[in-house]
1. Could you put 38, 292 in order, starting from the residue whose Cβ has the fewest other Cβ atoms within 10 Å?
2. With a/c under 1.5 counting as rounded, go ahead and sort the stretch 243-304 into rounded, prolate or oblate using the C-alpha gyration tensor (a ≥ b ≥ c being the square roots of the eigenvalues; past the cut-off, prolate if a/b is larger than b/c, else oblate).
3. Could you list 243, 130 in order of exposure, starting from the residue whose Cβ has the fewest other Cβ atoms within 10 Å?
4. Provide the FRET efficiency to the nearest 0.05 for the residue 85-residue 256 pair, computing r from the beta carbons and using R0 = 22 Å.
5. Roughly what angle does helix 103-118 make with the longest principal axis of the chain, taking Cα atoms, 0 to 90 degrees, to the nearest 10?
6. Over the chain, what is the mean sequence separation of C-alpha contacts under 8 Å (at least six apart), divided by residue count, expressed as relative contact order in percent?
7. Which value does Rg/Rh take for the chain over its C-alpha atoms, Rh per Kirkwood?
8. Once label points are set 7 Å from the Cα along Cα→Cβ at both residue 118 and residue 162, what is their separation, rounded to one decimal in nm?
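None of the figures in this text is laboratory data; all of them are computed from the coordinates on show. Just so you know, these numbers come straight off a predicted model, no measurement behind them. Here the Cβ positions follow ideal geometry from the backbone for every residue, glycine too, while neighbour counts run over all protein chains shown.
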């Protein structure tokens with residue numbers, strides 16, 4: 001694990017010019033970021049049709065093959081990203097256990113539940129950031145052991161407890177803040193902790209508190225690495241703390257920037273909104289002399305249907321800008337051009353997303369190893385079910 005971390009760390013630092021930028025802002029400039037150092041790469045990018053860009057976005061092997069001569073040792077990097085998929089036999093569910101769980105989420109929960117049950121250590125469970133306790137229901141039913149479901153929102157605790165009582169499951173919901181010192185009181189040394197897609201500081205807090213309480217096992221799928229209180233990533237393990245790689249909140253978003261589960265409608269909405277934002281930015285630069293991008297709050301999807309001109313007047317009002325009629329079609333066209341330029345740039349960054357995510361996951365793995373855990377990482381479901389499919393499995397080794 002440490003060797004894998006060091007290899008990823010070295011490559012990411014050496015080739016940071018290819019991923020350490022923001023495509024949304026870079027597309028506002030006439031030249032591509034690598035125009036001087038890598039002219040052939042830029043020539044290849046600009047030669048792509050919009051359709052080719054979309055194809056490469058969903059076909060990483062084809063993309064890697066196309067650019068392998070422009071980015072040094074790229075095949076070796078991608079080989080480091082390979083993780084074994086856990087072999088699942090399928091977990092039969094009793095009637096009602098899956099009540100209220102949406103389809104794709106159910107597939108994730110059942111897969112993670114099966115893995116956790118198979119590697120179970122301890123005499124009870126801790127479900128961290130449990131929501132309504134969907135995962136906890138599966139664990140409680142199949143093991144008949146107590147599940148403590150820890151959740152911040154009281155309404156979710158109430159709803160989850162009501163459903164657990166209805167199904168006669170040994171579950172106890174506790175409301176609390178996972179980031180507070182008092183959350184430590186929920187943990188005890190008999191618990192196997194599970195956390196499905198606990199965001200940023202939340203899964204870090206579980207690992208730190210779990211280590212302090214010497215929990216016998218963890219089954220964790222991290223998510224949303226950028227949702228942290230600090231301005232930069234706070235490494236846990238000694239190798240990550242010694243690394244020259246210091247990641248900003250913006251850079252922590254990179255692993256999450258892929259659309260594989262949203263569908264065509266989500267993709268069209270994103271394209272329209274980004275084109276509108278980039279077009280409005282071009283308008284502000286051309287008509288008002290703004291040099292820097294002006295951030296605009298999120299917009300309701302229904303508002304996008306009102307057209308680009310309506311969007312501009314709405315955004316201008318929010319920013320206190322007196323907008324007068326202009327050539328809106330021209331700026332919308334510019335916004336579309338910038339959008340496709342952004343997507344071309346994103347293709348290069350896309351090649352490094354999984355490596356960055358693995359770097360972040362391995363930091364947690366090495367931290368757990370430092371504290372006496374036997375740890376492995378794998379994929380617990382297909383990328384199409386969720387791209388956040390990395391699973392950390394850890395068991396406390398006997399002294």
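1. Fewest-to-most Cβ neighbours within 10 Å comes out as 292, 38.
2. oblate
3. Exposure proxy ranking, most exposed first: 243, 130.
4. E between residue 85 and residue 256, to the nearest 0.05, is 0.60.
5. The helix 103-118 is inclined about 40 degrees to the chain.
6. Relative contact order of the chain: 22 percent.
7. 1.01
8. Those two pseudo-labels are separated by 3.6 nm.
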